[in-house]
Amino acid sequence: MKRSIYRSEAEPSWDNVLVLQTSFLGDTVLTVPLIAELKRRFPVKKLTVLCQPASRELLLDHPAIDEIIVDDKNQSDRGVRGLRVKAAVLRAKRFTVALTPHKSLRSALLLYLAEIPCRVGFRQSRGWFLFHHRVERDPRRHDVERNLSILQAFGVRIEECHRALDLPVNATVQDTVNQKLRALGISEAHKVVGINPGSVWSTKRWSSAGFAELIALLKKEFACQVLLFGGPEDAAVVEDVQRRCGAAAINLVGQVSLRELAAAISRCTVFVSNDSAPMHVAVARRVPTVAIFCATTPELGFFPYTFDAIVIGRGISCRPCAAHGGRRCPLGGAECIHEIGALGVFECVRKLLSAKQRSAPSARRSFEPDRVTICNLSSNRERSPHHGCGEPPITACGSKNWRGAQFPTALKGLSMPEAVGWLSAKTKRRILIFPYAEMIQMPLPTPVVIRDAASCSRLS
């Protein structure tokens with residue numbers, strides 16, 4: 001579980017703790033439970049986070065964080081000189097413990113040069129040899145749990161941790177966002193669907209035409225307000241969606257800051273997003289989420305960490321083509337993008353809106369281990385789930401176990417309803433079924449994946 005590169009195994013001092021996460025914005029959001037758990041479990045007097053500039057805006061209002069240091073590693077802090085300058089800044093802070101879920105050599109080297117006496121990271125890090133304690137990074141777990149697993153170096157099991165994503169919003173920031181939305185004609189009484197059509201990687205973006213068709217369906221069925229989210233880098237994509245839907249949605253690009261992002265998403269009844277940071281922010285703000293996975297897959301560990309979400313993805317063999325998506329489709333056809341239909345996404349939104357009406361928001365939690373995340377398969381050539389016949393039998397499924405239950409042997413050949421019944425009896429958990437479900441995922445203790453290979457041809 002852990003290994004020290006020194007002979008001494010003395011208890012570390014928790015006076016001054018640093019958490020380093022300089023990866024993407026979404027990765028920072030998924031590190032928040034680790035930050036909160038450090039403050040909850042250990043006598044930490046001061047907790048500092050080192051992150052990129054964009055991440056700072058999202059973390060400013062978190063009560064567990066005492067200080068934020070920015071590492072602009074792609075701009076002012078880049079290169080060897082930037083590394084040495086930043087290491088000097090950290091060294092002057094005299095940190096006693098440093099933890100990092102980031103696997104880059106630069107991150108490990110930065111902590112080493114800062115001369116922090118207790119450094120903890122993953123064994124799979126490129127700079128593993130610079131850590132005092134190295135923890136195995138389990139690829140089967142969700143990234144929230146992988147980050148929390150770093151605490152195993154101090155004898156803390158993942159199952160003992162508070163795992164829910166939580167991103168507090170300052171009341172003043174929320175009031176500012178509410179005023180901006182009122183100026184755009186959106187009151188607190190409106191039903192609002194938020195849509196995030198952007199992503200850093202183009203292969204993770206669903207088509208603009210698909211989003212535009214979805215907006216038309218939403219406006220017709222629910223007469224709701226639709227908000228388009230995105231950063232400056234997403235402006236062209238968002239404008240394309242708005243042009244295609246005839247300005248039926250309100251463009252928030254440039255109107256809300258990153259610090260205001262969580263507050264704006266909080267105003268949504270349902271949030272629809274590609275696999276990107278705003279998806280995780282929506283989960284952290286307890287907003288039911290429809291997540292569209294194009295080039296990436298939930299098995300990579302970045303699906304929305306909540307029972308209040310539906311994940312849509314096309315079950316084709318070339319997925320995932322990369323761990324974080326790519327700039328372009330390596331095969332050229334981008335089937336994972338173009339074969340997801342608007343009707344399937346719309347039905348998922350309808351499902352979550354219906355559930356939202358049956359449950360008081362105050363009673364809902366971000367993460368509920370007794371529930372199951374259902375992942376739905378959709379296609380441009382899909383039929384409505386309401387007009388289909390029974391699910392085809394499961395012809396292939398994952399090889400992971402759950403408390404000794406041999407899923408491949410037990411489930412092969414069963415229909416989807418039969419598989420759900422078997423799972424309910426075996427696990428004593430509530431199982432939710434969605435029409436034409438491609439997979440079922442159990443968040444704890446290890447994601448369990450059941451694939452319905454035949455459903456691809458059935459929906460075509």
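The values are calculated or read from the model by the stated rules, or taken from the named source; none is laboratory data. From a predicted model like this one, the values you see are computed outputs, not experimental measurements. Note that each Cβ is placed from the backbone with ideal geometry, even for glycine, and that neighbours are counted across all protein chains shown.
Quick notes
- Flag for Ala291 being buried (at least 21 other Cβ atoms within 10 Å of the Cβ), within 21 Å of Pro320 (Cα to Cα), free of Cβ contacts under 8 Å to residues at least 40 places away in the same chain and in contact with a strand residue (DSSP E or B) (Cβ under 8 Å, 6 or more places away or on another chain): yes
- Within region 53-78, the set of residues being closer than 19 Å to Leu34 by Cα and over 23 Å from the mean Cα position of the chain (by Cα) comprises Asp66, Glu67, Ile69.
- Only one of the listed residues (Arg243, Arg267, Arg259) is farther than 24 Å from Leu167 by Cα and not hydrophobic (A, V, I, L, M, F, W, C). That residue is Arg243.
- Qualifying positions in region 147-174 - in contact with a helix residue (DSSP H, G or I) (Cβ under 9 Å, 6 or more places away or on another chain), farther than 26 Å from Phe24 by Cβ and free of Cβ contacts under 8 Å to residues at least 40 places away in the same chain: Arg157, Glu160
- Meets criteria (in the same structural domain as Leu30 (by TED's automatic domain parsing), surrounded by 21 or more Cβ atoms within 10 Å (Cβ to Cβ) and either more than 14 Å from Leu20 (Cβ to Cβ) or not hydroxyl-bearing (Ser, Thr, Tyr) (or both)) for Gly79: no
- Some residue of region 262-272 being at pLDDT 95 or above, of a type in the set (D, E, K, R) and farther than 20 Å from Asp27 by Cβ: yes
- Top-ranked residue in region 103-153 [being more than 18 Å from Asp71 (Cα to Cα) and of a type in the set (Phe, Trp, Tyr); ranked as surrounded by the fewest Cβ atoms within 10 Å (Cβ to Cβ)]: Phe129
- Test for Pro278: is it in a loop (DSSP other than H, G, I, E, B) and in contact (Cβ under 8 Å) with a residue 12 or more places away in the chain: no
- The residues of region 291-319 that are part of a loop (DSSP other than H, G, I, E, B) and hydrophobic (A, V, I, L, M, F, W, C), listed by number, are Cys294, Ala295, Phe302, Phe303, Phe307, Ile316, Cys318.
- Hits in region 42-56 - residues which are buried (at least 18 other Cβ atoms within 10 Å of the Cβ) and farther than 28 Å from Glu11 by Cβ: Gln52, Ser55, Arg56
- Checking each residue in region 154-207 for being outside any loop (DSSP other than H, G, I, E, B), surrounded by 13 or more Cβ atoms within 10 Å (Cβ to Cβ) and either out of contact with any strand residue (DSSP E or B) (no Cβ under 6 Å at 6 or more places or on another chain) or not assigned by TED's automatic domain parsing to the domain that holds Ile265 (or both) picks out Phe154, Ile158, Val173, Gln174, Thr176, Val177, Asn178, Lys180, Leu181, Ser202.
- Of all residues in region 197-230, those satisfying the criterion of being touching a residue at least 60 places away in the same chain (Cβ under 8 Å) and either of a type in the set (S, T, N, Q) or farther than 23 Å from Gly185 by Cβ (or both) are Gly198, Ser199, Val200, Trp201, Ser202, Thr203, Lys204, Arg205, Trp206, Ser207, Gly210, Glu213.
- Filtered residues of region 131-148 (kept if within 17 Å of the chain's Cα centre (by Cα) and not in a loop (DSSP other than H, G, I, E, B)): Asp143, Val144, Glu145, Arg146, Asn147, Leu148
- When the criteria are applied in full, Ile215 meets the requirement of being closer than 30 Å to Gly333 by Cα, at pLDDT 95 or above and buried (at least 17 other Cβ atoms within 10 Å of the Cβ).
- Counting only helices (runs of 4 or more DSSP H) that sit wholly inside region 15-126, not one has at least 3 residues that are in contact with an Asp or Glu (Cβ under 6 Å, 6 or more places away or on another chain).
- Subset of region 273-313 (residues that are modelled with pLDDT under 95, within 11 Å of the chain's Cα centre (by Cα) and among the hydroxyl-bearing types (Ser, Thr, Tyr)): Ser276, Thr289, Tyr305, Thr306
- Out of Ala309, Ala323, Ala342, Ala277, one residue alone is small (Gly, Ala, Ser), more than 19 Å from Gly230 (Cα to Cα) and in contact with a Gly (Cβ under 7 Å, 6 or more places away or on another chain). It is Ala342.
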